[in-house]
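Read the structure below first, then the notes.
The values are calculated or read from the model by the stated rules, or taken from the named source; none is laboratory data. Please read all numbers here as calculations on a predicted model, not as lab measurements. Glycine also receives a Cβ, built like all others from the backbone with ideal geometry; neighbour counts cover every protein chain displayed.
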Amino acid sequence: MTKGQQRSTAGEYDAIIVGARIAGAATALGLARRGARVLLLDAATFPSDTLSTHLLWSDALAALDRLGLLDATLATGAPPIERIRLAFGRHGNEAAIPTQGDLPPLMSVRRIVLDELLLDRVRRTPGITFHEGVTIDAVTRTAGVVDGVRGVARRGGVAFMAHAGIVVGADGRHSAVARAVGAAEYDVVPPILATYYRYYRDVAPLDPATLEAYRDAEGGFCYLFPCDAGLWTLALSFPQADFDRVRRDHETELAAQIARKGGLGARLVSAEAVSSWRGAGDLTNFFREAAGPGWALVGDAGYHRDPITGRGIADALRTAELLVAALAHPLGERAAALAEYGRGRDALVRPLYDFTVERPPAGVTPDDWGTNLGRIVRDPAHLSAYIGFMANAAPSEAFYSAAAVYAMARR
């Protein structure tokens, strides 16, 4: 096929999914298991890396297990992370990370490895057609209902067109599908933090493996944790207002960030950086409409929260499961099922979204909420409640509710 010719796959698919990373691949696998014919597209070619929080809490591991990918994830050699340790200025605290069942409490697998695990399964799953290097720039409609996509295949510049019963945008926070369908945003909160990370080796391990969190007096955070292949991830977050200054000389500025966090420099004294810094400052918090006539959004395409709370992968996997369940309904029931998908997605992620954008729980004053957060670095029981909330290993109201806040205040 020569440049300028159009490749058409009209009528061949039940679903087109744009975006083949975690949310898109998980949705494709879930639909194919139910007998759907799926076209999975991505602008990238694989293996390739992407920005990520890297953290797989036990509910994310449970979702990977339901996809048949837990053994492959464990085989990456990433150690189970069993504890969290805080070093916030003069204060420190430590607690076990709770888990679901007998799964590891927490693991970290680099995205260039994790994404390829999912895509290897995609390539071997009947019912899924996977095309890399395809950029989507428009959707097609019939009688106001989205029924396909148009784009260009990178190889040869060939125009690409495909049609299906549903088009799913799983193409990240800058989603082309969301733009094309006009998905409205709501509850938008400007960026709070900017984040950079890179990988190290030869960091002295802790026993047991620990998620280390540091904070300095200027509002900067750092996480240090082991991942696969014997490597470690160091992630630095700082007020978004500093992003332009930091990116102009990020090596110097990030070295200063590390130096301000007491104890972190000693952890890295024998370590060797094995990657460049990667980062972003345009980390707007938002919800988008989850679905409409002939389309749906999943993962970061439909909802994004600052990565400081480290649940992007878990959210992608769990919302993919919600969407697959909605799309299992007969066509006559699909609109209602997709509306319920949107409500279910928002209910699932709302408590941690509000926490991340610094909203107190309903019925809690800002002063009382600030006092409550201060207990996390002093009281092991309170840190356990907090990490249970982060890990989704306990009901959100056990930490993020007026009842929990004021019960803790009475202790």
Exercise. Would you mind stating whether Gly4 is at pLDDT below 95 and on the phi > 0 side of the Ramachandran plot?
Key: yes
Practice problem: Output the number of the condition that Ile258 fails; it satisfies all remaining conditions of (1) touching a residue at least 40 places away in the same chain (Cβ under 8 Å); (2) surrounded by 12 or more Cβ atoms within 10 Å (Cβ to Cβ). | Solution: (1)
Quiz prompt | In segment 87-134, the residues that are closer than 30 Å to Gly151 by Cβ and in a strand (DSSP E or B) | solution = Ile128, Thr129, Phe130, His131, Glu132, Val134
Exercise. From Thr210, Thr252, grab the single residue that is buried (at least 18 other Cβ atoms within 10 Å of the Cβ), of a type in the set (S, T, N, Q), farther than 27 Å from Ala301 by Cα and at pLDDT 95 or above.
Key: Thr210
Quiz item: Does segment 219-231 contain any residue that is within 30 Å of Leu297 (Cα to Cα), in contact with a His (Cβ under 7 Å, 6 or more places away or on another chain) and surrounded by 14 or more Cβ atoms within 10 Å (Cβ to Cβ)?
Solution: yes
Practice problem: Name every residue in segment 179-202 that is among the aliphatic types (A, V, I, L, M) and more than 18 Å from the chain's Cα centre (by Cα), in order of residue number. | Solution: Ala180, Val181, Ala183, Ala184
Practice problem: Sort out which residues of segment 268-287 are of a type outside the set (Ser, Thr, Tyr) and either in a strand (DSSP E or B) or closer than 30 Å to Val357 by Cα (or both), and write them in order of number. | Solution: Glu272, Ala273, Trp277, Arg278, Gly279, Ala280, Gly281, Asp282, Leu283, Asn285, Phe286, Phe287
Quiz item: Is one or more of the residues making up segment 137-147 farther than 13 Å from Gly292 by Cβ, acidic (Asp, Glu) and in contact with a Lys or Arg (Cβ under 8 Å, 6 or more places away or on another chain)?
Solution: yes
Quiz prompt | Single unsatisfied condition, Gly310 versus (1) out of contact with any Ser or Thr (no Cβ under 6 Å at 6 or more places or on another chain); (2) at positive phi | solution = (1)
Self-check item: Selected residue [among the acidic types (Asp, Glu) and more than 25 Å from the chain's Cα centre (by Cα)] from Asp137, Asp120, Asp171, Asp147
Solution: Asp147
Quiz prompt | Residue list for segment 382-396, restricted to those being more than 18 Å from Arg318 (Cβ to Cβ) and free of Cβ contacts under 8 Å to residues at least 60 places away in the same chain | solution = His382, Ala385, Tyr386
Quiz item: Of the residues Leu352, Leu338, Leu348, which is in contact with a strand residue (DSSP E or B) (Cβ under 6 Å, 6 or more places away or on another chain), at pLDDT 95 or above and either small (Gly, Ala, Ser) or surrounded by 13 or more Cβ atoms within 10 Å (Cβ to Cβ) (or both)?
Solution: Leu338
Exercise. Restricting attention to segment 87-98, report how many residues are surrounded by fewer than 20 Cβ atoms within 10 Å (Cβ to Cβ), at negative phi and in contact with an Asp or Glu (Cβ under 9 Å, 6 or more places away or on another chain).
Key: 2
Quiz item: Quick one: Ile308 ticks every box in (1) more than 23 Å from Ile112 (Cβ to Cβ); (2) touching a Phe, Trp or Tyr at 6+ places or on another chain (Cβ under 9 Å); (3) among the aliphatic types (A, V, I, L, M) bar one, so which box is it?
Solution: (1)
Exercise. Output the number of the condition that His329 fails; it satisfies all remaining conditions of (1) farther than 22 Å from His54 by Cβ; (2) assigned to a loop (DSSP other than H, G, I, E, B); (3) outside the structural domain of His163 (by TED's automatic domain parsing).
Key: (3)
Quiz prompt | Filter result (in a helix (DSSP H, G or I) and either at pLDDT 95 or above or basic (Lys, Arg) (or both)) within segment 145-156 | solution = Arg155
Quiz prompt | Criterion (assigned by TED's automatic domain parsing to the domain that holds Ala301, surrounded by 15 or more Cβ atoms within 10 Å (Cβ to Cβ) and at pLDDT 95 or above) met by exactly one of Ala159, Ala178 | solution = Ala178
